[in-house]
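What follows is a set of notes on a single structure, which appears directly below.
Rule-based calculations on the coordinates, nothing more; no lab input. All values reported here derive from a predicted model rather than from experimental measurement. Here Cβ is always computed from backbone atoms with ideal geometry, including for glycine, and neighbour counts include all displayed protein chains.
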Amino acid sequence: MRHVRNVGILLAVALIFSGGTAFGQFVDDTPDSKYESAPAPPGVEPTIPLNRDDPTYDLWKLIRDDLSEGRDPGPINVQRFPGGLGFMGIPTFFKLPVALVPEDLEAGQVDVAIMGAYTDMGLGARGASRGPSVFRGTSEPYLTWGAFSMAHMHTLVNPFEELTIVDYGDAPVDFLSTERSVHEIRKYVAEIAGVELENGEHVIPFIIGGDHSLAYPDIAGLADVYGKGNVGVIHFDAHYDATQAMGHLMSHGAWVKRLIDEGHVPGKNFIQVGLRGYYPDAESFEWMRQNGFRYHTMAEIERRGWDAVMEDIIREAKDGPEYLFISFDIDVLDPAYTPGTGTPEPGGLTPREAFPLVRRLCAESNVVGFDLVELAPDRDPGYITALNSNRIVRECLVGIAMRKKGLTDEHYLSPLTVSDGAGGVAQNRMEPPIRAVEREPATNQTNYAMSFLFAGWFLLGAALTVSIVWFRNTRSRDRQAQPVAPFAAPPSSEPAVETSGGQRLQSRTLPRKTESVEARIC
Ligand SMILES: [Mn+2]
């Protein structure tokens, strides 16, 4: 396996090299000055060539050849303790076990493999390369792992129990070149998704970015596995990302057009959510319509309301190819919830709108891949963006776990969690008013138990009332029998005492011996 990969890399390099020679402008052949490339002659792009003779030319994608040595294939748990808080332990995604080669995924029958990809050259504002590290980081305070991981309250489903999930490490990235990186990332995504499990499903890659250039290799990599045109895309974003500004065919704002142009995803299977601000413009909207895009701008959401639009998106997700990919640009959320991103745009979704939609898409549709991009944690010392990003990923994991358990009803919520306004105790007496929510049927035993409970409370209350009336009558009789003192002291006007701790106490609350202390202070 490793041998094959190394040969592949060598072949690829050889091809690039020979192609470059053929086209001339990519390889410097000036005899006097090896690296000079400017001024470029007419018709030749003024590109600074790469030095392929440099021994570090491919260093960024050099893979160790002993990843499987001396061990059985399968996920490797690197944590010493079964559980702990988020900032403890060895940093992996959600403190999960690690898998290094496809054989590990197969041996462990892994449902979801989470990988990092720290692309950061696809936009002017850098910072998205730190996304994977904040997810794994030991400063991550959100929730726990291992023995102490808990079920998601809305559904009472715990994805970390229902699914086998691993940290698959990072894709190789040349941090100076998006163009060089995307092809390697594509192979890496396809490597994960290409592993077929015993139940006929494939491993689901979750890619944590990284800037949005990533979505091109993510989706193209899945198309390599499932076939061109067989993967639909739900694209959460403030921006439509189908421009090719300054002639770049690959950037965080160009990947959509590239996927369409190369035929990986037909436009009608592209559904965009959350567009707003200034981008796309009229011409771009026309292009989207010509290509059959379905899109839901914030303007539409403001007019029709989130629930109506959410139902449309769920329906559209099912009206397409068998497989679905979700690309979640964290800037689709309002900057109030995501200050840590490269291109913030006011007026976005709230977490309470995005969470249920992501969860529902992952539960009610056949999601075969997911990426979360544009998280730039260094721009947000308040940790808000990382927190919401973490929760978005968890919502999809919960959805996939729900699907595996068969909880694929529309907008499923746990009957224990939701009482639809009736309160927890009374839920058995209420019919669900809006949506079909599964309930336990009310039993006769439950009704008898409730009757006895109410009767008991009634008797107790009556007995208490009788006792209080009797006691008050007795007290008033006693008081009338006592003579009234002629010079009684006024009640509770004693001075306060300052204690050593600075706490002020009324002297009448102290024991008798404090009377001497009070005398000394005075
Ligand atoms: Mn965006």
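Return the sequence-ordered ³J(HN,Hα) values of the stretch 202-219 in whole Hz as given by the Karplus equation 6.51 cos²θ - 1.76 cosθ + 1.60 applied to θ = phi - 60°, using x for Gly and Pro.
10, 5, 9, x, 10, 10, 9, x, x, 7, 6, 3, 3, 4, 4, x, 4, 6
Arrange L459, L372, L349, L156 by Cβ neighbour counts within 10 Å, fewest through most, would you?
So the ranking, lowest neighbour count to highest, is L459, L156, L349, L372.
Counting just the Cα atoms, what span does the stretch 280-339 cover along each of its three principal axes? Round to the nearest Å and put the largest first.
For the stretch 280-339, the Cα spread along each principal axis is 34, 28, 23 Å.
For A336 and R352 in the same chain, what is the full-extension length gain: residue separation times 0.36 nm, less their Cα-Cα distance, in nm?
4.5 nm
Using the 10 angstrom Cβ neighbour count as an exposure proxy, how do I204, I192, I63 rank, fewest first?
Fewest to most other Cβ atoms nearby, the residues stand as I63, I204, I192.
Please state, as a whole number in µm²/s, the translational diffusion coefficient that the Stokes-Einstein equation yields for the stretch 43-141 at 10 °C and 1.306 mPa s, with Rh defined as the Kirkwood radius across alpha carbon pairs.
My calculation gives 94 µm²/s for D.
Using the 10 angstrom Cβ neighbour count as an exposure proxy, how do W60, W470, W287, W145 rank, fewest first?
Lowest count first: W470, W60, W287, W145.
If all Cα-Cα distances of the stretch 348-399 are sorted into 5 Å bins from 0 onward, what percent lands in each bin, rounded to whole numbers?
Final binned percentages: 5, 19, 27, 24, 15, 7, 3, 0.
Going down the list K61/K228; K228/K318; K318/K404, which pairs span over 22 Å between their C-alpha atoms?
Exceeds cut-off: K61/K228.
Mean separation of Cα pairs under 8 Å and 6+ residues apart, divided by the residue count of the stretch 69-416: what relative contact order is that in percent?
Relative contact order for the stretch 69-416 comes out at 19 percent.
Under the definition of Cα pairs under 8 Å and six or more residues apart, what whole-number percent is the relative contact order of the stretch 87-169?
Relative contact order for the stretch 87-169 comes out at 51 percent.
State, as an integer percentage, the relative contact order of the stretch 63-113 based on alpha-carbon contacts under 8 Å between residues 6 or more apart.
Result for the stretch 63-113 is 44 percent.
Using all alpha carbons of the stretch 69-416, what is the percent of pairwise distances in each 20 Å bin, ordered from the shortest bin to the longest?
33, 61, 6, 0
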